[in-house]
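Values in this text are rule-based calculations from the coordinates and carry no lab data. Note that this is a predicted model, so its numbers are computed, not measured. For neighbour counting, all protein chains shown are included, and Cβ atoms are generated from backbone atoms with ideal geometry for every residue, glycine included.
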Amino acid sequence: MTVMAKPQETAAVETERPQKKLYMETLNLVERLHRQLLDVIKDELDRREEREINSVQALLLFNVGDQELSAGELRSRGHYLGSNVSYNLKKLVDLGYIHHERSDTDRRSVLVRLTRKGEFVRDMLRELFIRHLGSLEAVGNVTDVDMDGLNTTLKRLERFWIDQVRFRL
């Protein structure tokens, strides 16, 4: 029986290795891509001589968009990936990019929305991303089919991670 078990264990370990390597590569790429996106945004802010805010804050403004949200909603909806949303919101309010006010229904909650200054940054990033679309396939060799498959896989991975936290798997 031991003779039979060893080849099966070896086969199981060998089949796990490619997936382990790919999973670890995916984790690394997701992290690197987010940092690279922030670098792309910083570069655009520098080109436009927008020095008051950083790339994290600019991406936060882009993600708020036309919505009116609470700080908690920013995190729960995935619009903010940092750990200190309160600091960045306060800074953006102080600099005049975001307007905030207490909710009429829940006085503990603060609702935020963009000011004209914030809308300017949101529009700047929107234009940047539209510009990227113009050369994504020609320069980046990324097709609509590639993006569709990537998005499907990333959504599945997101669901998997959500379940890991929610159900403590």
Residues being more than 15 Å from D123 (Cα to Cα) and either basic (K, R) or in contact (Cβ under 8 Å) with a residue 60 or more places away in the chain (or both): count how many of those fall in region 32-41.
3
Return the residues of region 46-59 that are free of Cβ contacts under 8 Å to residues at least 24 places away in the same chain and surrounded by 11 or more Cβ atoms within 10 Å (Cβ to Cβ); say none if nothing qualifies.
D46, N54, S55
Between residues in region 98-117 that are farther than 14 Å from E73 by Cβ and residues that are surrounded by 12 or more Cβ atoms within 10 Å (Cβ to Cβ) and polar (S, T, N, Q), which pairs lie under 7 Å by C-beta distance while being six or more apart or on different chains?
H99/T115
What are the pairs, 6+ residues apart or on separate chains, where a residue within region 121-133 that is within 12 Å of R48 (Cα to Cα) and in contact (Cβ under 8 Å) with a residue 12 or more places away in the chain has its Cβ under 7 Å from a residue that is of a type in the set (S, T, N, Q) and surrounded by fewer than 18 Cβ atoms within 10 Å (Cβ to Cβ)?
none
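Per-residue answers, yes or no, for (1) touching a His at 6+ places or on another chain (Cβ under 9 Å); (2) surrounded by 10 or more Cβ atoms within 10 Å (Cβ to Cβ):
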position: D104; (1), (2): no, no
position: V110; (1), (2): yes, yes
position: R113; (1), (2): yes, yes
position: R122; (1), (2): no, yes
position: L125; (1), (2): no, yes
position: F129; (1), (2): no, yes
position: G134; (1), (2): no, no
position: E137; (1), (2): no, yes
